[in-house]
1. So for segment 50-67 (the condition being in contact with a Phe, Trp or Tyr (Cβ under 9 Å, 6 or more places away or on another chain) and modelled with pLDDT of 95 or more), does at least one residue qualify?
2. Just for segment 121-156: of the residues that are of a type outside the set (D, E) and touching a strand residue (DSSP E or B) at 6+ places or on another chain (Cβ under 7 Å), which one is surrounded by the fewest Cβ atoms within 10 Å (Cβ to Cβ)?
3. Suppose we keep only residues that are touching an Asp or Glu at 6+ places or on another chain (Cβ under 7 Å) and among the small types (G, A, S) within segment 141-196. Which one would you say is nearest to A71 (Cα to Cα)?
4. Can you name every residue in segment 135-152 that is more than 20 Å from T6 (Cα to Cα) and of a type in the set (D, E, K, R)?
5. Scan segment 79-88 and tell me whether some residue there is modelled with pLDDT of 95 or more, at negative phi and among the β-branched types (V, I, T).
Amino acid sequence: MDPRVTEFHNIMPIANIGSILKHGILCHERAAKLVVKGTSVAMAEVQDARNKVQIPGGLMLHRYANLYFHARNPMMYLRKEQAGELCVLQISTEILKIQDVVLADLNAASPWVRFYAPSQWSELSYDDIFARYWTHSDPATAKRQKLRKCAEVLVPKVAPVTHLLGAYVVDDASAGRLAKAGFKLPVTVNSDIFFH
């Protein structure tokens, strides 16, 4: 794996941490049965697109728990005003050893996405994934970089809680809320990842 990949990320409302600690990071299909209304960062139009994606030789996309290579991405940018309500869960790269994990070289809902086995990690564009910005003067290049920045690790059904390493939060107040929710793993204040 590229040496910049030391962990994976999941953007999660702090309000959902109790459920995560009990059930793990669930796929959209399973989470829809548990999540309290108003505690999802998912965008309806994006979820509609994801609902139609079938992983070649695998499950429907909504049956995978999705992780990012890096959470400082377009999704987080859209949610930056909610930063105090969010955390970024850190997930061990050992999760790649779970059977049937899939890598998506772009946002997995993109019509141009390609899916790979973890052994094919070198097919992804890590310079774009870990780029600080995805803007560009050429609109086509900007769109491609934005999609690459949201490359994903797709874990069938659930990313087990045993793979959690810790979490990032935007400030000390958020760290307090996370602790109050029962999160006992290391918590790091990293405002930059939340665009603050």
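1. In the first step, residues of segment 50-67 are kept if they are in contact with a Phe, Trp or Tyr (Cβ under 9 Å, 6 or more places away or on another chain); the result is 55-58, 67.
After this cut, where a residue has to be modelled with pLDDT of 95 or more as well, the list is 67.
Yes: segment 50-67 contains one or more residues that are in contact with a Phe, Trp or Tyr (Cβ under 9 Å, 6 or more places away or on another chain) and modelled with pLDDT of 95 or more.
2. Checked segment 121-156; the qualifying residue surrounded by the fewest Cβ atoms within 10 Å (Cβ to Cβ) is W121.
3. Top of the filtered list is A151.
4. First, the residues of segment 135-152 that are more than 20 Å from T6 (Cα to Cα): 135-147.
Correct list: D138, K143, R144, K146.
5. Yes; the residues of segment 79-88 include at least one that is modelled with pLDDT of 95 or more, at negative phi and among the β-branched types (V, I, T).
Residue-by-condition table, conditions (1) part of a strand (DSSP E or B); (2) without any contact (Cβ under 8 Å) to a residue 24 or more places away in the chain; (3) within 14 Å of V5 (Cβ to Cβ):
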{"position": "V88", "(1), (2), (3)": "yes, no, no"}
{"position": "L103", "(1), (2), (3)": "yes, no, yes"}
{"position": "S110", "(1), (2), (3)": "no, no, no"}
{"position": "Y133", "(1), (2), (3)": "no, yes, no"}
{"position": "L154", "(1), (2), (3)": "yes, no, no"}
{"position": "Y168", "(1), (2), (3)": "yes, no, no"}
{"position": "S174", "(1), (2), (3)": "no, no, no"}
{"position": "L178", "(1), (2), (3)": "no, no, no"}
{"position": "G182", "(1), (2), (3)": "no, no, no"}
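The values are calculated or read from the model by the stated rules, or taken from the named source; none is laboratory data. Just so we're clear, the structure is a prediction, and the values are computed from it rather than from any experiment. Because the Cβ atoms are built from the backbone with ideal geometry, glycine has one as well, and the counts that use them run over all protein chains shown.
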